[in-house]
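**Q** My questions will all concern the structure given below.
The values are calculated or read from the model by the stated rules, or taken from the named source; none is laboratory data. Model, not experiment: these values are computed from the prediction. Cβ placement follows ideal geometry from the backbone for every residue including glycine, while neighbour counts extend to all protein chains displayed. All accessible areas refer to the heavy atoms of the entire protein, side chains included, with ligands and DNA or RNA removed. Shrake-Rupley method; radii C 1.70, N 1.55, O 1.52, S 1.80 Å.
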Amino acid sequence: DLNRRTGCTLVDLRLAEEYGMGLIQSLSGSDAAVHRPNIVISGYADVANTLEAMQLGCWTVLQKPVDLELLRRTVREACQWSRENRARLQHEAEIRRLWATIND
């Protein structure tokens with residue numbers, strides 16, 4: 001269940017059967033997008049693709065061939081953001097719940 005896990009999604013812009021941006025579009029419309037940053041990699045990224053990805057809320061777009069250390073660092077940072085964001089959202093939900101009990 002992507003809505004209950006922290007982490008990130010790594011998507012190649014050109015997938016075997018499907019255009020990777022279609023997958024990004026479907027992910028960006030889900031609740032998981034709030035918790036899981038999307039990282040796009042591509043050997044064919046251009047300005048238009050990059051803008052589209054960023055407008056869909058992608059964390060970043062990396063050009064192939066991707067430097068392995070850059071990829072590792074980007075994934076670590078995205079996962080750390082995911083953990084911190086989930087904790088913040090849970091904290092805010094708890095505050096709203098407590099506030100609701102006070103105002104009843």
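**Q** Quick check on segment 62-77: of everything there that is in contact (Cβ under 8 Å) with a residue 24 or more places away in the chain and within 15 Å of the chain's Cα centre (by Cα), which residue is least open to solvent (accessible area, probe 1.4 Å)?
**A** The residue in question is Thr74.
**Q** Working carefully through the options Glu52, Glu94, Glu69, find the one that is out of contact with any Leu (no Cβ under 8 Å at 6 or more places or on another chain) and farther than 29 Å from Tyr19 by Cβ.
**A** Unique residue meeting the criteria: Glu94.
**Q** Moving on. Among the residues that make up segment 78-93, is at least one of them among the hydroxyl-bearing types (Ser, Thr, Tyr), open to solvent by 40 Å² or more (accessible area, probe 1.4 Å) and either part of a helix (DSSP H, G or I) or at pLDDT below 85 (or both)?
**A** No: zero hits.
Table: residues versus (1) under 14 Å from Gly7 (Cα atoms); (2) among the charged types (D, E, K, R).
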residue	(1), (2)
Ser42	no, no
Asp46	no, yes
Trp59	yes, no
Arg83	yes, yes
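**Q** Separate question: Got at least one residue in segment 43-55 being open to solvent by less than 90 Å² (accessible area, probe 1.4 Å) and at pLDDT below 75?
**A** no
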